[in-house]
Amino acid sequence: MEMLRLHKKVNSNEAVYVWGVQMKGGISVEEMKKQVLAFDFGGGSGRAILGSLENGKIHMEEVHRFSNDPVIINDTMYWDTLRHFFEIKQGIVKAKQKGEFKSIGIDTWGVDFGLLDEHGALLESAVHYRDDRTVGMQEEVFKVIPKEKVYDLTGLQFENFNTIFQLYSLIQKRPWMFEKIDKLLLTPDLFNYFLTGEKKAEYTMAATTQLLDARTKEWCEPILDALQIPKKILPEIVPSGTVVGMLKPQICEELGVEPVKVIAITGHDTQSAVVSVPTQEKDFIFISCGTWSLFGTELDAPVIGDKSMECNISNEGGYGNTTTLLKNIIGLWLAQESRRQWIREGQEYSYGELEKMALEAEPFQSFIDPDSPEFVAAGNIPERIRTFCRRTGQKVPDTIGEIMCCINQSLAMKYRYALEQIESCTGKHYPVIHMIGGGIQSKLLCQMTAGAAGRKVIAGPVEATALGNIAVQLMALGEIKDVAEARQIIANSETAYEYFPQDSEKWDAAYEKFKTFIH
């Protein structure tokens with residue numbers, strides 16, 4: 001399967017790495033000034049990364065990494081919130097051992113939250129967005145306020161896990177909780193509160209809740225009133241890059257560090273990644289590739305209408321009060337969970353080995369809709385893929401390579417589908433797709449995306465979210481002027497690769513088949 005012959009390196013950072021410490025011109029990161037500490041939480045792990053700016057490039061050093069494992073208690077799936085904060089403290093201690101840093105910024109996934117009582121105590125660990133408490137909640141909400149009105153006010157893609165549906169499940173099943181709740185804090189805002197004592201809602205995180213008015217960028221009172229969600233539990237919204245406070249004296253004493261600024265960066269990891277798209281074009285399209293794939297473009301104002309609602313497209317908040325028009329697509333979760341299933345069956349392969357198997361499989365034999373509901377929950381994804389293909393009258397993928405080929409080419413096709421939807425909503429044509437994030441380490445997925453979409457793909461940076469986190473901190477500290485300069489610096493700091501379309505006629509024919517499987 002000739003999939004990878006047409007990619008090339010377009011720029012390169014000449015720095016070298018020695019035992020995990022980036023070196024430039026003989027000066028280690030530890031010796032650089034104006035370091036910042038970025039915490040980047042993903043669905044499976046978290047990291048603490050020191051970042052600094054030198055000679056027009058951002059330098060990074062990972063100082064702490066930890067597992068992020070959900071905990072199921074009495075049939076409820078929780079995030080291990082207290083453990084998360086323990087790991088944040090560990091990251092601060094390890095960073096201090098490397099040298100002084102000026103600020104801390106935290107990014108996480110969206111939608112999830114912690115609840116505080118009137119004394120500021122955490123009532124329970126944050127519930128995981130994959131928990132099933134929101135099953136059926138969309139229908140319950142739409143009985144109270146029409147779906148069309150919710151979309152017109154918020155402009156947000158409907159997903160079962162959105163904060164609006166999580167809260168309404170509490171109203172329906174645990175109404176007594178609202179007698180105890182004083183404040184709701186979304187995940188990075190919760191950690192900022194633990195560090196500083198300040199209760200704020202950062203704009204990009206607030207925009208994931210489906211409780212924010214997309215036009216006024218304030219909490220949406222018509223929705224809150226209709227669903228009887230007390231407005232008083234929602235904190236003041238602050239712009240991305242706001243210094244929310246200083247590290248509390250008790251924490252400084254406990255950890256042996258000096259007070260530093262805690263900055264509410266673009267707390268939603270997607271928006272941190274968008275900051276790092278290495279382009280100077282005003283109109284660009286990107287895919288942030290990870291466990292989820294976020295496919296979108298940056299706009300000055302939301303696009304809300306019949307077409308965008310029909311496409312179920314989100315208008316999410318971005319840095320500088322911009323709007324990110326995007327589709328939320330299940331991403332490499334399919335490969336990650338499939339690999340976990342094969343490990344359970346006694347077959348452990350690296351992602352590189354899985355990609356090689358996919359390359360050896362015959363392409364265009366079978367497809368899935370990655371966003372079909374049966375692929376959301378953890379479990380035997382390979383068997384669910386076979387069931388989907390059997391039900392839709394396709395060749396059933398038997399081997400591991402065939403499963404991986406099916407996943408990758410289905411994701412590439414879904415990207416093309418999202419591209420067509422966004423172009424129809426904006427009326428713009430995007431000749432280049434920027435792919436960023438950990439998923440671009442799959443050269444197969446990058447090349448398939450170029451083939452499926454018929455567009456050139458520029459892949460890089462891999463560490464998009466961490467770079468965006470660091471860049472927003474440096475902008476807040478006055479080290480970087482604005483987001484345009486940040487993107488140029490990131491382009492100078494990282495290596496990117498280009499992929500070009502090939503086998504266009506085969507991809508076009510296969511795409512017509514793929515569209516028949518879309519829900």
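The values are calculated or read from the model by the stated rules, or taken from the named source; none is laboratory data. This is a predicted model, so every value here is computed, not measured. Here the Cβ is made from the backbone with ideal geometry for all residues, glycine too, and neighbour counts use every protein chain on show. Calculation scope for accessible area: heavy atoms of the full protein, side chains included, ligands and nucleic acids excluded. Shrake-Rupley method; radii C 1.70, N 1.55, O 1.52, S 1.80 Å.
The table that follows gives values for the structure above.
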quantity	calculated
Those residues of segment 262-291 which are in contact with a Phe, Trp or Tyr (Cβ under 7 Å, 6 or more places away or on another chain) and not in a loop (DSSP other than H, G, I, E, B), in sequence order	269, 271, 274, 275, 285, 287
Test result for residue 456, surrounded by fewer than 24 Cβ atoms within 10 Å (Cβ to Cβ), in contact (Cβ under 8 Å) with a residue 40 or more places away in the chain and of a type in the set (Lys, Arg)	yes
Among (1) touching a Phe, Trp or Tyr at 6+ places or on another chain (Cβ under 9 Å); (2) modelled with pLDDT of 95 or more, the one test that residue 396 misses	(1)
Residue in segment 400-407 that is open to solvent by 40 Å² or more (accessible area, probe 1.4 Å), at pLDDT 95 or above and not in a loop (DSSP other than H, G, I, E, B) present	yes
Hits in segment 353-370 - residues which are open to solvent by 50 Å² or more (accessible area, probe 1.4 Å) and out of contact with any Lys or Arg (no Cβ under 7 Å at 6 or more places or on another chain)	353, 356, 360, 362
Counted residues, segment 469-519 - those being open to solvent by 40 Å² or more (accessible area, probe 1.4 Å), of a type outside the set (Lys, Arg), under 27 Å from residue 391 (Cα atoms) and part of a helix (DSSP H, G or I)	4
Selection count, segment 58-78, where residues are among the hydroxyl-bearing types (Ser, Thr, Tyr) and either crowded, with 19+ Cβ neighbours inside 10 Å or touching a strand residue (DSSP E or B) at 6+ places or on another chain (Cβ under 6 Å) (or both)	2
Residue that is least open to solvent (accessible area, probe 1.4 Å) [pool: residues in segment 422-442 that are farther than 14 Å from residue 456 by Cβ and touching a Lys or Arg at 6+ places or on another chain (Cβ under 9 Å)]	422
Unique match (being out of contact with any strand residue (DSSP E or B) (no Cβ under 6 Å at 6 or more places or on another chain) and surrounded by fewer than 18 Cβ atoms within 10 Å (Cβ to Cβ)) among 390, 386	390
Qualifying residue in segment 133-145 (condition: in contact with a strand residue (DSSP E or B) (Cβ under 7 Å, 6 or more places away or on another chain), under 19 Å from residue 311 (Cα atoms) and not in a loop (DSSP other than H, G, I, E, B))	no
Residues within segment 96-123 that are assigned to a loop (DSSP other than H, G, I, E, B), farther than 17 Å from residue 197 by Cα and open to solvent by 50 Å² or more (accessible area, probe 1.4 Å), tallied	2
Residue match in segment 319-331 (condition: open to solvent by less than 10 Å² (accessible area, probe 1.4 Å), closer than 30 Å to residue 59 by Cβ, at pLDDT below 95 and not in a strand (DSSP E or B))	yes
Hits in segment 220-255 (condition: free of Cβ contacts under 8 Å to residues at least 24 places away in the same chain and either in contact with a Lys or Arg (Cβ under 6 Å, 6 or more places away or on another chain) or small (Gly, Ala, Ser) (or both))	224
Matching residues, segment 153-164, being more than 18 Å from the chain's Cα centre (by Cα) and part of a helix (DSSP H, G or I)	153, 154, 164
Candidate set: segment 411-441, residues that are out of contact with any strand residue (DSSP E or B) (no Cβ under 8 Å at 6 or more places or on another chain) and among the hydroxyl-bearing types (Ser, Thr, Tyr); chosen: the one nearest to residue 499 (Cα to Cα)	417
Candidates 93, 21, filtered to the one that is surrounded by fewer than 22 Cβ atoms within 10 Å (Cβ to Cβ) and modelled with pLDDT under 95	21
Conditions (1) under 18 Å from residue 85 (Cα atoms); (2) open to solvent by less than 10 Å² (accessible area, probe 1.4 Å): number failed by residue 167	(1)
